[in-house]
Structures are given as C-alpha cells and as structure tokens.
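What follows is a set of notes on a single structure, which appears directly below.
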Ligand code: NG6
Ligand code: CA
C-alpha cells in the first residue's frame with residue numbers, strides 16, 4: 001500500500017509536471033512570439049524599392065525582402081504627419097489630438113506620456129514580455145519641469161512599460177547629442193555637467209549664426225544654435241563632452257545595442273521598439289554609406305536604414321529566433337525635402353518620388369503625410385501578400401495585446417483596433433473602415449478616410465508641405481474638402497459639391513470621433 005501511494009503520488013506529480021510543460025512551453029514558444037517594430041523617421045511611401053523607388057537610384061534589399069516574404073500594405077498609415085504625435089499614438093493607442101502637448105517635443109520638454117494608463121509595452125509586460133526601446137525617443141523626459149539631465153531622467157520609457165531604454169532623447173537636430181540609458185545620460189562626467197536651454201548661455205557661445213563658416217553642413221532654416229560635430233542645432237547646450245556622440249555613429253549604435261539586448265532576452269518573449277533616426281535631419285550617414293545612393297545624403301541614410309533592417313534579421317537568424325518573431329516595419333510620418341539643412345536632398349531628388357503616387361508629405365494631412373511603408377513579416381506564419389486593408393501604427397497596441405493573449409480593458413488604448421488577423425494576412429480579415437489622420441496637432445488640421453472617401457479639414461485654412469519640395473508649403477485651403485481616392489489618389493479634385501450627402505456625413509463622423517473621446521467600439 002505504502003509503495004502504491006508513493007507510486008501514485010509520483011505519477012501524479014509527473015503528470016502535473018508534464019502538464020505544466022505542455023501549458024507553459026508552447027504558450028511561450030509559439031503563441032507569444034517576439035515582436036520587433038522597426039520605425040523609420042520621415043520615410044515616405046515611395047522611398048523604398050518595394051514601394052516603387054527607382055532601383056537604379058536607391059537599393060533597399062533588406063526592406064524589400066521583408067515585403068517579399070511578408071505582407072506589404074498599400075493602405076498602411078502612421079497616425080500623424082509629425083513625429084511626436086505618431087509616437088504618442090503608437091504607444092498609447094490614443095489619437096494625439098485628444099491630448100494637449102503632444103506636438104513636436106522641444107529639447108527640454110517633459111514626458112509627454114504620463115505614467116498610469118496602459119500602453120503598448122505595459123500590456124505586453126502583463127503577458128510576460130521583456131520590453132525595450134532603442135533609438136529616437138522624442139516624447140520628452142522628466143516631470144513638469146522637464147528633464148534633469150544630470151540626475152534621474154524620469155518619468156520616461158521605464159515608467160510607462162519599458163524594461164530598458166537606450167535613447168537619443170529628442171531628435172538629432174535638437175540638442176543634446178547624448179545617449180540616455182535607462183534613467184541616466186550615458187558616460188556623463190559629473191565634473192562636466194550638461195546644461196540644456198533655449199537661450200544663448202554666454203555672449204561668446206559659438207552658434208550656427210556666428211560660426212557659420214565652420215559648419216560641415218549648413219542650415220537653411222532654424223537649426224542655427226549650438227554647434228556640435230560641425231552641425232548647428234535647435235537649442236543650446238554646454239558640458240557633457242564625454243557623453244556626446246558623433247551623428248555618423250547613431251545607426252551602428254542602435255544595431256549594437258539591439259543585438260546585445262535581443263541576445264540577453266532571447267529566452268523570454270520580447271518586444272523591441274527599434275526607433276531609427278534615419279532619415280531625419282541632419283542626415284549624416286556613416287562614412288561607409290556616403291554616396292551609396294545616387295541621391296544625396298537623404299538617399300544614403302535610406303541605404304543605412306536598410307542595412308540596420310538586414311542586421312536585425314541576421315541577429316534573429318543567428319539566435320534561431322526568426323520563426324518565432326513578428327517584425328513590423330513602418331514610418332513615423334511622410335517625407336520632406338529640405339527640413340532645415342542644405343543637404344542637397346531636393347537638388348538631387350531627380351525623378352524620385354518620395355511620397356509615391358500621393359500628394360503631401362511631412363506636416364500634411366494629405367495622404368503623403370501619413371500613408372507610409374507598412375510591412376508585417378513572420379516567416380512560417382505570414383504568407384507573402386500585398387494587402388490594401390487599412391491599418392495604422394495606432395492599432396499595434398490592441399493587435400499585439402491580442403497576439404499575446406492579454407485582455408484589453410475597454411478604457412485602455414481607446415483608438416487602437418485589434419487588426420491582428422489583417423496584420424497576419426488571415427483570409428477575409430478586414431482592416432479599419434475609417435481612420436483620422438492629423439498633422440502636428442496644434443495646427444488643427446485633420447484628414448479623415450473612410451473607404452474610398454477622404455475628407456480634408458484644414459482648421460488652419462492652410463495646407464502644409466503639399467508638395468514634398470516645400471515650395472507650396474502653407475498654401476491656402478478651404479476648411480473642408482472631399483476627395484474620391486478611388487479616382488483621385490492625389491487629392492486634386494474637391495468633389496464636395498457633387499456628393500453633398502457624403503460630404504456632410506464625413507464631416508459629422510469626424511467631429512463625432514473627436515467629441516467621443518474614443519473610437520474603439
Ligand atoms: C520642425 C523643424 C524640423 C523638424 C521637425 C520635427 C524647424 C524650422 N523645423 O520644427 O527640422 O525637426 O520640427 O520633425 O526648426 S519630427 O519628424 O521629429 O516631427
Ligand atoms: Ca519624423
């Protein structure tokens with residue numbers, strides 16, 4: 001009897017153990033895949049080979065490979081035509097126009113995403129994911145007073161769901177040029193404190209205006225304050241010399257840090273937000289990428305971005321993680337030619353069309369401002385396809401929550417739709433049937449797409465960056481106009497008078513979404 005009891009106990013124990021294995025291992029290994037979001041900066045719809053960039057000018061084999069092996073979306077969007085609001089919406093699943101202070105963040109701006117509500121990374125953390133952001137942040141750091149550059153930089157990514165961050169704190173045309181690892185400026189020597197401000201710190205402080213002849217890249221508008229690495233920036237800073245980086249090394253650093261972090265976290269499900277600075281100004285490719293495109297540095301940094309994509313894929317292959325990792329490749333806003341530096345982007349554009357077939361680009365609520373490259377890739381799970389389903393970076397929060405099996409409270413990520421099936425290319429799966437596009441927020445312009453119809457609402461009565469060359473920037477526009485994208489992808493012909501019911505319905509729907517405070521049913 002005694003032996004029998006022991007035997008029974010052991011068998012039960014073994015069954016429980018094996019059951020445990022069955023329930024935990026496959027859930028971790030197959031149902032909770034790793035997720036990498038690669039977000040490019042200012043990359044337009046037409047800027048990569050698989051979206052029609054002329055191969056002789058510009059080769060993007062690694063991004064093209066993701067598209068060839070995954071789903072290339074032709075109605076893939078970011079939610080705003082500038083950086084901060086798109087990134088805000090991507091991480092919070094909430095339209096940025098719902099919250100003041102979500103426009104382009106200044107160098108000393110406080111954290112734009114306040115700790116508390118669920119975010120994309122905090123939802124994934126609930127499912128046992130390790131989470132990191134590596135690259136450009138541009139969502140502010142610190143409390144209401146802004147960042148304490150010499151102390152603890154919090155709140156920041158770690159207070160909203162990221163386990164680890166390695167950041168360029170703002171954007172590289174803004175000061176300071178230092179890395180922020182977790183809560184600290186990396187390599188900061190306390191004997192050489194970092195000061196960042198909006199006013200010239202001393203009368204003899206060299207700037208892009210006083211020392212213009214010394215610059216290695218001249219500015220065209222703004223960007224003429226403190227000089228670092230031969231480039232003048234927006235804003236002033238002093239000190240922190242040991243902590244400063246070279247613009248040329250950013251892409252290499254993102255890849256190096258990502259490889260390190262992926263390797264250290266390969267045994268957990270992980271979420272990496274790889275936030276490239278390419279192709280934002282100042283466009284300074286590493287020396288080895290110079291002249292690799294027939295375009296200017298703007299083309300060369302696209303090649304550099306493409307290299308980064310290839311390196312990440314290589315790392316996944318080396319660690320045998322490829323089959324268990326979903327990659328999303330996207331951009332934070334549409335393209336721009338001259339964005340403040342004389343880098344010959346416009347002069348050498350040739351017949352390249354950075355916004356593809358659309359009108360408008362960065363700063364604009366025309367399609368070119370937010371319709372951008374959007375690719376999902378997961379070998380073995382996603383079958384190669386081209387999809388016209390409407391998907392947006394704002395939807396990744398709810399979609400990844402579904403992928404990781406996290407229940408979404410109704411109040412969380414209120415504008416994020418679970419489009420997982422469409423992102424995975426499941427048969428018959430639908431994308432969104434409507435999407436609000438916005439500019440930088442404080443300008444108050446909106447785009448509203450529902451199916452073939454597109455409403456432009458220019459509360460500012462001005463269109464921005466209607467052509468990528470900037471030549472027609474700030475062109476006068478009526479407050480409301482309606483376009484039929486099925487016939488007029490360039491939004492040239494206002495058909496409001498021909499379709500009065502559609503026009504009035506679209507205006508009402510847009511206002512309804514703005515007033516409701518949320519849009520996920
Ligand atoms: C603008 C800058 C532009 C760019 C942009 C932010 C000037 C004249 N223009 O204010 O160069 O930095 O802000 O770009 O200063 S974003 O992609 O990060 O939103
Ligand atoms: Ca951007």
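So, in the stretch 250-305, of the ones that are under 25 Å from residue 321 (Cβ atoms) and free of Cβ contacts under 8 Å to residues at least 40 places away in the same chain, which residue ends up farthest from ligand 2 (Cβ to nearest atom)? Among those that are under 25 Å from residue 321 (Cβ atoms) and free of Cβ contacts under 8 Å to residues at least 40 places away in the same chain, it is 267. The residue that is modelled with the lowest pLDDT, among those in the stretch 461-477 that are in contact with a strand residue (DSSP E or B) (Cβ under 7 Å, 6 or more places away or on another chain) and surrounded by fewer than 16 Cβ atoms within 10 Å (Cβ to Cβ), is 474. Note on the stretch 111-126: among residues that are surrounded by 19 or more Cβ atoms within 10 Å (Cβ to Cβ) and in a loop (DSSP other than H, G, I, E, B), the one that is nearest to ligand 2 (Cβ to nearest atom) is 112. The listed residues are 456, 437, and the only one of them that is touching a residue at least 24 places away in the same chain (Cβ under 8 Å), closer than 30 Å to residue 36 by Cβ and in contact with a strand residue (DSSP E or B) (Cβ under 6 Å, 6 or more places away or on another chain) turns out to be 437.
Do the conditions hold for residue 187, that is, is it within 24 Å of residue 42 (Cα to Cα), touching a helix residue (DSSP H, G or I) at 6+ places or on another chain (Cβ under 7 Å), part of a loop (DSSP other than H, G, I, E, B) and in the same structural domain as residue 244 (by TED's automatic domain parsing)?
So residue 187 does not fit the description; no.
Only residues that are outside any strand (DSSP E or B) and within 23 Å of the chain's Cα centre (by Cα) were counted in the stretch 264-282, giving 9. Would you pick out the residues in the stretch 297-343 that are surrounded by fewer than 19 Cβ atoms within 10 Å (Cβ to Cβ) and within 16 Å of ligand 1 (Cβ to nearest atom)? Matches in the stretch 297-343: 340, 342.
Would you mind stating whether residue 53 is at pLDDT below 95 and either assigned to a strand (DSSP E or B) or crowded, with 24+ Cβ neighbours inside 10 Å (or both)? Answer is yes for this residue.
Name the residues in the stretch 321-348 that are touching a strand residue (DSSP E or B) at 6+ places or on another chain (Cβ under 8 Å) and either under 24 Å from residue 292 (Cα atoms) or within 16 Å of ligand 2 (Cβ to nearest atom) (or both), would you?
Result: 329, 330, 331, 332, 333, 334, 340, 341, 342.
Scanning the stretch 71-96 for residues that are in a strand (DSSP E or B) and within 13 Å of ligand 2 (Cβ to nearest atom) turns up just one, 80. Residue 285 passes every criterion in (1) part of a helix (DSSP H, G or I); (2) away from ligand 1 (no atom under 16 Å from the Cβ); (3) within 23 Å of residue 178 (Cα to Cα) apart from (1). Scanning the stretch 407-438 for residues that are under 17 Å from residue 121 (Cα atoms) and crowded, with 16+ Cβ neighbours inside 10 Å gives 408, 412, 413, 414, 415, 416, 417, 418, 420.
Scanning the stretch 132-151 for residues that are assigned to a loop (DSSP other than H, G, I, E, B) and away from ligand 1 (no atom under 16 Å from the Cβ) yields 142, 143, 144, 145, 146, 147, 148, 149, 150, 151.
The values are calculated or read from the model by the stated rules, or taken from the named source; none is laboratory data. All of these numbers come straight from a predicted model, not from anything done at the bench. Because the Cβ atoms are built from the backbone with ideal geometry, glycine has one as well, and the counts that use them run over all protein chains shown.
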